[in-house]
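Here's the structure, in structure tokens; my notes come after.
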């Protein structure tokens, strides 16, 4: 196993834990709290023990804490650090319920009132197991698995161009974290693109869908 594969495996375990065990209570436009499951996340880490030095993490001290929220300009992270030098931020990019799907970290976290961006109340439940098994695309072996239970692994989006520029003289490190598949996505069905605000980088999702369809024929 290469070092990049080892890093990706660690990110995968964090992502699956979040999808399978965490739920979100989100304030709607009427001030009521609605329950959602995670639909899209990105994972960011620094873990010296395992050789992970993600150049794109904010490295905020809150990301050192475990099961805490870190609110920032883009939205919010679920922090899964260990208070001993391990930083971990899970950026919530999308949430889904039986009746709604919301993609985009800003849309999850904020609403607009009188042209102002207002933060919604968000509560993370860390002990709410998903009733359905979830599978990475590479784990699927049967066509009985519903699409909504498939976790797509994609490269992260909107990464800092300034940070990338700083690491041009360290191409191996830049390539590892710029192209790492640390974005994890669930979609209800193939018509995800018809949502008012669909997930970003639809090309990558369609590429994986063609692979999925080939697997389950």
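The values are calculated or read from the model by the stated rules, or taken from the named source; none is laboratory data. As the structure is a computational prediction, the values presented were derived from the model and not from experiment. Ideal geometry is used to build each Cβ from the backbone, glycine not excepted, and the neighbour counts take in all protein chains shown.
Key figures
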| read-out | value |
| --- | --- |
| Candidate set from segment 101-126 (those that are part of a loop (DSSP other than H, G, I, E, B) and without any contact (Cβ under 8 Å) to a residue 40 or more places away in the chain); member that is farthest from the chain's Cα centre (by Cα) | 114 |
| Looking only at segment 174-189, and only at residues there that are closer than 21 Å to residue 51 by Cβ and more than 13 Å from the chain's Cα centre (by Cα), the one that is surrounded by the most Cβ atoms within 10 Å (Cβ to Cβ) | 177 |
| Per-region count, segment 124-173, residues more than 23 Å from residue 205 (Cβ to Cβ), loosely packed, with under 12 Cβ neighbours inside 10 Å and touching a helix residue (DSSP H, G or I) at 6+ places or on another chain (Cβ under 8 Å) | 3 |
| Residue match in segment 198-213 (condition: at positive phi and touching a residue at least 40 places away in the same chain (Cβ under 8 Å)) | yes |
| Members of segment 12-69 found to be assigned to a strand (DSSP E or B) and within 30 Å of residue 171 (Cα to Cα), listed by number | 40, 41, 42, 43, 44, 45, 46, 47, 52, 53 |
| Matching residues in segment 1-17 - criterion: being without any contact (Cβ under 8 Å) to a residue 12 or more places away in the chain and either more than 11 Å from residue 181 (Cα to Cα) or under 12 Å from the mean Cα position of the chain (by Cα) (or both) | 1, 2, 13, 17 |
| Given (1) at pLDDT 95 or above; (2) in a helix (DSSP H, G or I), index of the condition residue 129 fails | (2) |
